[in-house]
Amino acid sequence: MKSHTKYLTFNIPARMDFVHITPKVQEAVAESGVQEGLCLVNAMHITASVFINDNERGLHEDYKRWLEELAPHEPISRYQHNRTGEDNGDAHHKRQIMGREVVVAITEGRLDLGTWEAIFYGEFDGRRSKRVLVKIIGE
Ligand code: ZN
């Protein structure tokens, strides 16, 4: 069995934003040489997500509004977590909703995604360097 590990680094200038990462993940699959297998992609931070959905700008703006309604950044005092001196209580909640990781099948050397499926990095407490793990196993 082959395995390949890659770390992607993101430093998002906004507090919250989404980045399309399918091409970077496909690149890692190509590097791995795996033809049949599985690809795990996970955020390595508890205030960021990796998820699959439509690559459509309007939807991403809808997500931002929806997430801000569910877990508004302010007032900071809304979150017990922020009593630690942090201000990212909302970001932990947003990450919980949007998820930690995705697993995608690899078929004939390609990510076997549905027609409209695309992989995204979701940032909820940006303006610092964060990592995403890509782990590929197979033959
Ligand atoms: Zn925190």
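The values are calculated or read from the model by the stated rules, or taken from the named source; none is laboratory data. All values reported here derive from a predicted model rather than from experimental measurement. In this analysis, Cβ positions are derived from the backbone assuming ideal geometry, glycine residues included, and neighbour counts consider all displayed protein chains.
Some notes on this structure:
- Boolean, ALA118 is at pLDDT 95 or above, touching an Asp or Glu at 6+ places or on another chain (Cβ under 8 Å), within 25 Å of ILE137 (Cα to Cα) and within 16 Å of the ligand (Cβ to nearest atom): no
- Condition met for GLU36 (more than 16 Å from ASP125 (Cα to Cα) and touching a Ser or Thr at 6+ places or on another chain (Cβ under 7 Å)): yes
- A single member of ASN11, ASN42 is surrounded by 14 or more Cβ atoms within 10 Å (Cβ to Cβ), at pLDDT 95 or above and of a type in the set (S, T, N, Q), and it is ASN42.
- Among the residues making up the range 14-28, a single one is surrounded by 17 or more Cβ atoms within 10 Å (Cβ to Cβ) and assigned to a strand (DSSP E or B): PHE18.
- Selection count where residues are touching a helix residue (DSSP H, G or I) at 6+ places or on another chain (Cβ under 7 Å), farther than 12 Å from LYS135 by Cα and away from the ligand (no atom under 16 Å from the Cβ), scope the range 34-52: 1
- Test for GLU31: is it over 20 Å from the mean Cα position of the chain (by Cα), assigned to a helix (DSSP H, G or I) and more than 16 Å from the ligand (Cβ to nearest atom): yes
- If you go through the range 65-99 and keep only what is crowded, with 16+ Cβ neighbours inside 10 Å and more than 12 Å from the ligand (Cβ to nearest atom), you end up with LEU67, ALA71, HIS73, MET98.
Results for (1) over 20 Å from LYS130 (Cα atoms); (2) among the aliphatic types (A, V, I, L, M), shown as yes or no for each residue.
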site: HIS60; (1), (2): yes, no
site: LYS64; (1), (2): no, no
site: TYR79; (1), (2): yes, no
site: ASN82; (1), (2): yes, no
site: ALA91; (1), (2): no, yes
site: ILE97; (1), (2): no, yes
site: GLY109; (1), (2): yes, no
